[in-house]
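The values are calculated or read from the model by the stated rules, or taken from the named source; none is laboratory data. Every value quoted in this text rests on a predicted model; they were computed, and no experiment measured them. All accessible areas refer to the heavy atoms of the entire protein, side chains included, with ligands and DNA or RNA removed. Shrake-Rupley method; radii C 1.70, N 1.55, O 1.52, S 1.80 Å.
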Amino acid sequence: MYEYEEDSDIIGLSCTLLNPYKGYMAGTIGGDYGNTIVVRLESGKEISEYRDEVIIHD
């Protein structure tokens, strides 16, 4: 599903989805794959989103 994970400073940061996924908007960055990132939602589900569809909080 994913190509190559990159070393990144954003892994573990909280984020907000611009388009809710089944009612969930808040999550944590679980992986960085360049143009796409893996978001771990509050429900525990992991989804893949494009970087420009997520607001990353420092």
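Table for the structure above
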| read-out | value |
| --- | --- |
| Any hit, the stretch 4-24, residues being open to solvent by 90 Å² or more (accessible area, probe 1.4 Å), outside any helix (DSSP H, G or I), modelled with pLDDT of 95 or more and polar (S, T, N, Q) | yes |
| Members of the stretch 26-41 found to be charged (D, E, K, R), over 11 Å from residue 15 (Cα atoms) and open to solvent by 50 Å² or more (accessible area, probe 1.4 Å), listed by number | none |
